[in-house]
Amino acid sequence: MANQERLINTLLELIKIDSPSGEEDAIDAEVSSRLESMGLDVAHDAYRNVIANLEGVGNPFILSAHLDTVEPGRGIKPVVDEGIVRSDGSTILGGDCKAGVAIILEGLQSALEQNNGNRAIEIVFTRHEEGGLVGAHNLDFSMIAGKVGIVFDGEGPPNRIILQAPSQNVVTATITGRAAHAGLEPEKGISALLIAADILGRLPLGRIDDETTSNIGRMEGGLKRNIVPEMAFLDGEFRSRSNSKLADLEAKFHGVFHEVASRYPEAKINLDITNSYQAYDIDPESETVEIIVRALADIGLEPILKSTGGGSDANVFIEKGIAAIPVGIGVRDFHTTWETAVISEVMLGAQMCERLVISP
């Protein structure tokens, strides 16, 4: 049976290992060592994603989570208080996705300790998930045999199963105006920041509808207070579970940038819109859902079928023909300094994972 004390110790140990995106070597070494100690064959692809195999009955079932965290995520000091794990408030907790990794490690270990046989299992721990699913996009799928699985990377309890998720388009724009001394001859300048503000005031931003959102999350520009700013940079995104709505938003973004560019003929405005991942919509009667529902029933939980506005490695798996579906990992308020992990829910995740490993 899953051991709660061991699970929480594992979670705390993983949280204390710094692993911001692009700096996953230390957490890689730790999880690889733990998997090898349980008898799994551990390999890495060219991007250094971790791929491990456990021999067993039937076709492989994939258990996946990502190794990296967002910032501020260095020197995290986890605090356990009345069944909740949180940081000291100066950093994120890193429960996203260390709770998912801990769930998989405990589920495996507790299942193997029973020595009653197991399903064939593939573990996939990706790098650089945050900021664009980079590890999953670079995953060597020729090393993956499974066609069904779970991505432990969702908010809420483990019976929260995400059947629909959006496509995301990433937006970047560079605006070049003309610098001038702000006190002596501002009329000779063209403010890139004012052009950026004009653009922002015209873009459709925020909640567009129940399955579509749009955001410019970062604007940078200028050098000093006494210089008309020559350069500005915008970084944003829009996403939707409907690709037709995504295409409509893309057209509106291009329209706004074209309109503003016509108002400032001496400026240069470069817009780039790139798709980061594709939407998915999983049939609730699918094989993967049935496997997950059986495992939940074994621990007395009813499934909660949900849609989300967030992306995960599951978007890439599903695009590649692998029905690996996200479930909750007991974590709330991802990417914030008030992020928490609910110990009872993390434990339920480990118990469900244990059932998935045991059940052929």
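Just checking the listed ones, GLY95, GLY321, GLY311: in the Gaussian network model of the chain with Cα springs under 10 Å, the one fluctuating most is GLY321. Rounded to the nearest 10 degrees, the inclination of helix 95-114 to the longest alpha-carbon principal axis of the chain is 10 degrees. Measuring nothing but how far apart in sequence close Cα pairs (under 8 Å, 6+ apart) lie, relative to its length, region 1-92 scores a relative contact order of 28 percent.
Measuring how big region 167-277 is from its alpha-carbon positions, Rg and Dmax come out at 15.3, 51 Å.
As a ratio to 2.2 N^0.38 Å, the alpha-carbon radius of gyration for region 300-360 is 1.30.
Cα centroids of region 272-329 and region 23-74: 20 Å apart.
Qualifying GluC sites (Glu not before Pro) in region 273-327, where qualification requires a DSSP coil assignment and no more than 16 other C-beta atoms within 10 Å, comprise GLU285.
Using all pairs of distinct alpha-carbon atoms, the Kirkwood hydrodynamic radius of the chain works out to 21.8 angstrom.
From most to least packed by mean Cβ count within 10 Å, the peptides 165-176, 1-12 give 165-176, 1-12.
On C-alpha positions alone, give me the angle between the axis of helix 25-37 and the longest principal axis of the chain, in degrees, nearest 10. Its long axis makes an angle of about 10 degrees.
Taking the chain as the region of interest, the number of lysine pairs whose Cα atoms are within less than 17 Å, with members eight or more places apart or on different chains, is 6.
Taking 7 Å steps out from each Cα toward its Cβ at LEU305 and ILE84 produces label points 3.2 nm apart.
Taking 0.36 nm per residue of separation and subtracting the Cα-Cα distance, full extension of the segment from ASN275 to ASP140 would add 46.6 nm. The C-alpha atoms of the chain define a longest principal axis, and helix 4-15 lies at about 30 degrees to it. Go ahead and set up a Gaussian network model of the chain, Cα springs under 10 Å, then flag whichever of ILE199, ILE92, ILE322 fluctuates most. Ranking ILE199, ILE92, ILE322 by mean-square fluctuation puts ILE199 first. One quarter of the surface of the convex hull around the alpha-carbon atoms of region 217-360 equals 13.1 nm², the direction-averaged projected area. Extension gain for ASP18 to GLU287 (0.36 nm times residue separation, less C-alpha to C-alpha distance): 93.2 nm. Pairs of Cα atoms in region 1-154 fall into 5 Å distance bins, from 0 up to the last occupied one, in shares of 2, 10, 19, 23, 21, 14, 8, 4, 1, 0 percent.
For region 91-143, the gyration tensor built on C-alpha atoms gives an oblate shape. Its axis ratio a/c (a ≥ b ≥ c) is at least 1.5, and a/b is not larger than b/c. Along region 347-357 the Karplus relation, 6.51 cos²θ - 1.76 cosθ + 1.60 evaluated at θ = phi - 60°, assigns HN-Hα couplings of 5, 4, x, 5, 5, 5, 4, 4, 5, 5, 5 Hz to successive residues, with x for each Gly and Pro. Using a 10 angstrom cutoff on alpha carbons, build the Gaussian network for the chain and name the most mobile of ASN243, ASN115, ASN315. In this elastic network of the chain, the residue with the biggest mean-square fluctuation among ASN243, ASN115, ASN315 is ASN115. Centre-to-centre, using Cα atoms only, region 128-144 and region 207-267 are separated by 27 Å. Using the Cβ-Cβ distance between LYS320 and VAL57 with R0 set to 22 Å, the FRET efficiency works out to roughly 0.35. Computed log10 I(q)/I(0) for region 65-123 at 0.16, 0.21, 0.27 Å⁻¹: -0.63, -0.85, -1.10, from the Debye equation with unit scatterers placed on every C-alpha and solvent omitted.
All C-alpha pair distances within region 220-288, sorted into 5 Å bins from zero, spread as 3, 11, 17, 17, 14, 12, 9, 6, 4, 3, 2, 1, 0 percent across the bins.
Readers should treat all values here as calculations from the given coordinates under stated rules, not as data from a laboratory. Predicted, not measured: the structure shown is a model, and the values here were computed from it. FYI the Cβ positions are ideal-geometry reconstructions off the backbone, even for glycines, and counts take in every protein chain you see.
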